[in-house]
Amino acid sequence: MDIIVAPTLKDVAALAGVSTSAVSRCFTAGASVAPATREKIHKAADELGYQPNALASSLTTGRTKLVGLVSNNFHNPIFLEVFDLFTRALQESGLRPLLVNLTDERDPIASVRLLQQYSVDAVVVASSTLPVSFAESFQAAGVPVVHAFGRYAAQPNVNVIGIDNKEAGRMAATELLRRGYRKVAMLAGPKSATSTEDRLAGFLDALKDTPDVEVSTSFASAYSYEAGWEEMQRLIAGGPLAEAYFCGDDVLSIGALSALQEAGKRVPEDVGLIGLNDMEMAHWRNINLTTIRQPIPEVVRLSVEMVVRMLDEAEEAPRAHLLPLELVERGTLRPAKT
């Protein structure tokens, strides 16, 4: 088997008839190189298939172009979509994602130390459940950070890009009322998650002036299919069920849907369900979940644009970028009353 040897900077210099330092400057952002020399070097590099060594470049520039992409819920399939979008967007921006799993991590400082070991240029905290203290700890350590899907605040200490989770809860409750449900419930995510707190607060707020509506709440142990299935199983065993449930997100809804079907309950004839996120599985024909769409591609796009601006040393006060929500009508709620 032939061994392929990657061309080196010296090979490019020899073919172009220039010094190795000229080749090095040509592939260093901002360095001065005569146009004719630059053209010869690029022509030689293309002919040889040469790519500059990113690690060597980082020693010269002080930049690794590594961006830590951290999250804490790898059990939720929605994050396969999120990571796919983030990694592609970062790579297209000339950056290199470093995926870090913070599941069960409770100490923000330990997370900062972990990322500092890799000399990342910036961090994206991609989580709706981690407290803002994680993102703030990176910023305090001098690492540019964006909290994607983070908790909304009118005057945040770090850049936050996502949705208003309280508004998502209000929207779900309003939709259940519009369809005539009078015994409603929220099957929420983990009780300690910031997204759970806000979605539940919005849900209850929208129902506080409806004395004729019976409201109950319960919590799943995680944002996962198994947790949604287990919590709905518990509710079925305890009976009677609510007429409709707002589940903390789509994956909980799908777990709840499976438990209801196993128990012989028809959805939406016997029990209605509405989710949140509009993950890919939500529109599968055997699921067909009515849900509230979170504009995930837009969250990713704006997060990466913010990282690029911060790395270009653009001075901006932190702010929360709220993106609009949208109801996606499918088949797990009964039609609205006319």
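The values are calculated or read from the model by the stated rules, or taken from the named source; none is laboratory data. The structure displayed is predicted, hence computed values, not measured ones. Heads up, the Cβs are rebuilt from the backbone with ideal geometry, glycines too, and the neighbour counts pull from every protein chain shown.
Which residue, of 192, 137, 133, 218, is hydroxyl-bearing (Ser, Thr, Tyr) and in a loop (DSSP other than H, G, I, E, B)?
Working: 137 fails: in a loop (DSSP other than H, G, I, E, B); 133 fails: in a loop (DSSP other than H, G, I, E, B); 218 fails: in a loop (DSSP other than H, G, I, E, B).
192 is the lone residue from the list that is hydroxyl-bearing (Ser, Thr, Tyr) and in a loop (DSSP other than H, G, I, E, B).
Taking residue 156 as meeting all but one of (1) under 24 Å from residue 131 (Cα atoms); (2) part of a helix (DSSP H, G or I), write down the number of the exception.
With (1) under 24 Å from residue 131 (Cα atoms); (2) part of a helix (DSSP H, G or I) applied to residue 156, the lone miss is (2).
Since residue 115 meets every condition but one in (1) in contact with a strand residue (DSSP E or B) (Cβ under 8 Å, 6 or more places away or on another chain); (2) at pLDDT 85 or above, which condition does it not meet?
(2)
Quick check on this structure: which one of 142, 189, 180, 169 is assigned by TED's automatic domain parsing to the domain that holds residue 253 and out of contact with any strand residue (DSSP E or B) (no Cβ under 8 Å at 6 or more places or on another chain)?
180
If you take the residues in the stretch 245-271 that are in a helix (DSSP H, G or I) and in contact (Cβ under 8 Å) with a residue 40 or more places away in the chain, which one is surrounded by the fewest Cβ atoms within 10 Å (Cβ to Cβ)?
Taking the stretch 245-271 first, the residues in a helix (DSSP H, G or I) are 250-262.
Cutting the leftovers down to in contact (Cβ under 8 Å) with a residue 40 or more places away in the chain gives us 250-253, 256-257.
Numbers: 250: 30, 251: 30, 252: 31, 253: 31, 256: 29, 257: 26.
In this case the residue turns out to be 257.
Table: residues versus (1) buried (at least 17 other Cβ atoms within 10 Å of the Cβ); (2) modelled with pLDDT under 75.
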| site | (1), (2) |
| --- | --- |
| 37 | yes, no |
| 41 | yes, no |
| 47 | no, no |
| 54 | no, yes |
| 59 | no, yes |
| 66 | yes, no |
| 91 | no, no |
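Give just the number: which of (1) surrounded by fewer than 16 Cβ atoms within 10 Å (Cβ to Cβ); (2) farther than 19 Å from residue 337 by Cβ; (3) not small (Gly, Ala, Ser) does residue 183 not satisfy?
The single condition residue 183 does not satisfy is (2).
Tally the residues that are surrounded by 14 or more Cβ atoms within 10 Å (Cβ to Cβ) and either out of contact with any helix residue (DSSP H, G or I) (no Cβ under 9 Å at 6 or more places or on another chain) or of a type in the set (Asp, Glu) (or both), restricting the search to the stretch 206-221.
1
Give 293, 301, 319 a once-over and let me know the one that is modelled with pLDDT of 95 or more, touching a strand residue (DSSP E or B) at 6+ places or on another chain (Cβ under 8 Å) and surrounded by fewer than 23 Cβ atoms within 10 Å (Cβ to Cβ).
It is 293.
Across the stretch 286-303, what is the total count of residues that are over 14 Å from residue 328 (Cα atoms) and part of a loop (DSSP other than H, G, I, E, B)?
1
Any idea which of (1) outside any helix (DSSP H, G or I); (2) of a type outside the set (A, V, I, L, M); (3) in contact (Cβ under 8 Å) with a residue 24 or more places away in the chain is the one residue 231 doesn't satisfy?
(1)
Looking at the stretch 156-167, which of the residues that are surrounded by fewer than 22 Cβ atoms within 10 Å (Cβ to Cβ) and in contact (Cβ under 8 Å) with a residue 60 or more places away in the chain is farthest from residue 144 (Cα to Cα)?
Ranking the qualifying residues of the stretch 156-167, first place goes to 167.
Take the conditions under 17 Å from residue 312 (Cα atoms) and either assigned to a helix (DSSP H, G or I) or modelled with pLDDT of 85 or more (or both) and apply them to residue 120. Does it pass?
Yes; evaluated as a whole, the condition is true for this residue.
I need the full set of residues from the stretch 322-338 which are surrounded by fewer than 18 Cβ atoms within 10 Å (Cβ to Cβ) and among the hydroxyl-bearing types (Ser, Thr, Tyr), in order please.
Within the stretch 322-338, 338 is the sole residue that qualifies.
Give me the residue from the stretch 143-155 that is surrounded by fewer than 23 Cβ atoms within 10 Å (Cβ to Cβ) and more than 30 Å from residue 245 (Cα to Cα) and, out of that set, nearest to the chain's Cα centre (by Cα).
144
Looking only at the stretch 97-142, which residues are surrounded by 15 or more Cβ atoms within 10 Å (Cβ to Cβ) and of a type in the set (Phe, Trp, Tyr)?
Hits for the stretch 97-142 are 134, 138.
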